[in-house]
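As structure tokens, the structure follows; a few thoughts come after it.
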Amino acid sequence: LTSVAPVYGTGTRQLTSVAPKVVYGDDDRRDWHELDSSDSDDALALGLLENSIMAHIFRSDLGSPDSDGVYRMLDDYPDSFRLGPSRNLCPNQKFLQHPRLSYCSATLVGNSHVITAAHCVWNQMLCDDAAFVFNYYVTGYDDNGNPTFPAITRNEVFFCKSVSTNYREDSSGYSSGTDIAYITLDRAVPGRTPATYHKTLVRTTPRQKLLMIGFPDGLPAKVEAGGKVTDIGADTGFESFLASTDAFGGNSGSGVFDEDGTMIGVLVRGATDYVQSGGCTVVNELPNSDGGEGIIYVDRVVSLTNPVPPPSSSPGRSCEAALSIDASSAFSVDIADTSLGVGPSSYDASLCLDTAFGGAGPVFWIKLDGVRPGNELDLTTCGFDTDLSVFEGSCSSLSMAACDGDSGSCSVDYGSSIDDFVPKADTQYYIVVGGYGGESGAATLTGTYSSTDPEPPNPTSKRYVECGRRNRCSEEPKWADVDEKHEVRCCADER
């Protein structure tokens, strides 16, 4: 399965190149209006489609509702964006006039939770731009041959609040982890019945019949009930299996169900969708026996539904539990993993415009003790595509003081650097190290001062004493209260 590329969505803004899927045997995809509610199999599919199948649409493509609370993005949909013209399909192909609005597919599995493919939304930045939408299906056609839809109102639109997954992609496009994600929505979904899913491994069987519902190539929802299992996935440790489902780019995240309507998997990857036929393109049709659509066993999501929080004693996981370091002189801190903590409630990226600062995802917190007021401090993080920011104040009342995205001069690309930052007296500072787009990894933070002889910030209450005077000790210069003795304050090796 690992040799088959993941299939990405089809919204108007692409996050990465599309690696599409294919039709096996006959094209079995059907619309909502083609289902027969008197047929038990169709009735099962209708219930799932209306209650638990959601389109993943970019918020920017969704737009805003009108004064009546209705989203109008499908009204007067541009002809050039419809499937036929945008794919240069031959006239005998299906769904030529259908819009291509969605990016991926998802399934409601709880009052406020959905399951999807992780490559569709695997970090907080992608989550922040994701809407999950009901009612994106075709109810019939108008006099001009264009599809009609039920109303999509505020009640059918939900937004991604957070994402839980162990899937990661690096800047080169390589991925790791399991391609499945558990999404928490911004609010509970009323009046709909979530799908049930296997929370422990239930292996498929060869040629087992499957039902898949999703949004192929960004089209309105399609029901596909002609697929069968072609490989149960023993060689993957039963992480995934293969099937002959008719799936396309945009089906990523589609729920795959057994004959009882229980969700058994999530579609994540497949083969090529379209091929040239003369001067136009047609759906790529392969024998059912060649079925190679990759489906993750859904039980793999269980470890993500109740993630184990880091121990309360873990330094770096929050402002209150920040790793304290001595910043009275040059310092260097090796961070094994920046994904330990949760970031601040907000960032002010205007402090570092044009530096590709993301301000999203997991972070590592560092508390600077003993900074030199009035002395320029240069900060650098290296290791991966880091975000670096400085906050000041107490943990209950932080304000951002500086930030940088990728101005660093590390041996790796996109390190971060904040130069000539001048700490103030009587102010607590925190360093927050994260990654662009929610990326995480190992990093090294270094801090150096441009001078070793700062001016006193408040000469009336403190005086500057130079340890090492008269060759009595060799420590760095430090501050001392006026009533403190030089030897007691500064010299550790001799009194």
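Comparison of 151, 195 shows that the only residue that is of a type in the set (A, V, I, L, M) and surrounded by 15 or more Cβ atoms within 10 Å (Cβ to Cβ) is 195. Of the residues making up the range 211-257, those that are over 24 Å from residue 152 (Cβ atoms), acidic (Asp, Glu) and not in a helix (DSSP H, G or I) are 231, 239, 246. Restricting attention to the range 188-241, the residues that are of a type in the set (D, E, K, R) and within 22 Å of residue 95 (Cα to Cα) total 3.
Contact map, the range 23-37: first residue within 21 Å of residue 244 (Cβ to Cβ) and modelled with pLDDT under 75, second residue assigned to a helix (DSSP H, G or I) and not aliphatic (A, V, I, L, M), Cβ cut-off under 6 Å, separation 6 or more or different chains; pairs are 24/288; 25/288. With the structure loaded, tell me whether residue 246 is among the charged types (D, E, K, R), surrounded by fewer than 24 Cβ atoms within 10 Å (Cβ to Cβ), at pLDDT below 95 and in contact with a strand residue (DSSP E or B) (Cβ under 8 Å, 6 or more places away or on another chain) or whether it fails that test. So residue 246 does not fit the description; no. Close contacts from the range 151-175, counting a first residue that is under 16 Å from residue 59 (Cβ atoms) and not assigned by TED's automatic domain parsing to the domain that holds residue 437 and a second that is in a loop (DSSP other than H, G, I, E, B) and of a type in the set (A, V, I, L, M), with Cβ to Cβ under 7 Å and a gap of 6+ residues or different chains, come to 158/189; 160/121; 163/121.
Considering only the range 123-136, I want to know if a residue exists there that is hydroxyl-bearing (Ser, Thr, Tyr) and either touching a His at 6+ places or on another chain (Cβ under 9 Å) or without any contact (Cβ under 8 Å) to a residue 60 or more places away in the chain (or both). First the steps, then the outcome.
If we filter the range 123-136 for residues that are hydroxyl-bearing (Ser, Thr, Tyr), which is where we start, we get 136.
Those left that are additionally either touching a His at 6+ places or on another chain (Cβ under 9 Å) or without any contact (Cβ under 8 Å) to a residue 60 or more places away in the chain (or both): none.
No.
Of the residues making up the range 187-206, not a single one is within 23 Å of residue 125 (Cα to Cα), hydrophobic (A, V, I, L, M, F, W, C) and outside any loop (DSSP other than H, G, I, E, B).
In the range 45-81, the residue that is nearest to residue 106 (Cα to Cα) out of those that are among the small types (Gly, Ala, Ser) and surrounded by fewer than 18 Cβ atoms within 10 Å (Cβ to Cβ) is 47. Yes or no: the range 113-136 includes at least one residue that is over 26 Å from residue 362 (Cβ atoms) and hydrophobic (A, V, I, L, M, F, W, C). Yes, there is a match, as at least one residue in the range 113-136 is over 26 Å from residue 362 (Cβ atoms) and hydrophobic (A, V, I, L, M, F, W, C).
Between residues in the range 348-364 that are more than 26 Å from residue 315 (Cβ to Cβ) and assigned by TED's automatic domain parsing to the domain that holds residue 408 and residues that are surrounded by fewer than 23 Cβ atoms within 10 Å (Cβ to Cβ) and of a type in the set (S, T, N, Q), which pairs lie under 7 Å by C-beta distance while being six or more apart or on different chains? Within 7 Å, the pairs are 355/407. Of the residues that make up the range 321-342, is at least one in contact with a Lys or Arg (Cβ under 6 Å, 6 or more places away or on another chain), assigned to a loop (DSSP other than H, G, I, E, B) and modelled with pLDDT of 85 or more? The answer is yes; a qualifying residue exists. For the range 322-347, name all the residues that are in contact (Cβ under 8 Å) with a residue 40 or more places away in the chain, within 23 Å of residue 358 (Cα to Cα) and surrounded by 15 or more Cβ atoms within 10 Å (Cβ to Cβ). Correct list: 322, 323, 333, 335, 338, 339, 343, 344, 347. For the range 349-370, a residue qualifies if it is in contact with a Gly (Cβ under 9 Å, 6 or more places away or on another chain) and in a strand (DSSP E or B), and the qualifying residues are 363, 364, 365, 366, 368. Being surrounded by 17 or more Cβ atoms within 10 Å (Cβ to Cβ) and out of contact with any strand residue (DSSP E or B) (no Cβ under 9 Å at 6 or more places or on another chain), is that true of even one residue in the range 92-105? For the range 92-105, residues surrounded by 17 or more Cβ atoms within 10 Å (Cβ to Cβ) and out of contact with any strand residue (DSSP E or B) (no Cβ under 9 Å at 6 or more places or on another chain): present.
The values are calculated or read from the model by the stated rules, or taken from the named source; none is laboratory data. As the structure is a computational prediction, the values presented were derived from the model and not from experiment. Here the Cβ is made from the backbone with ideal geometry for all residues, glycine too, and neighbour counts use every protein chain on show.
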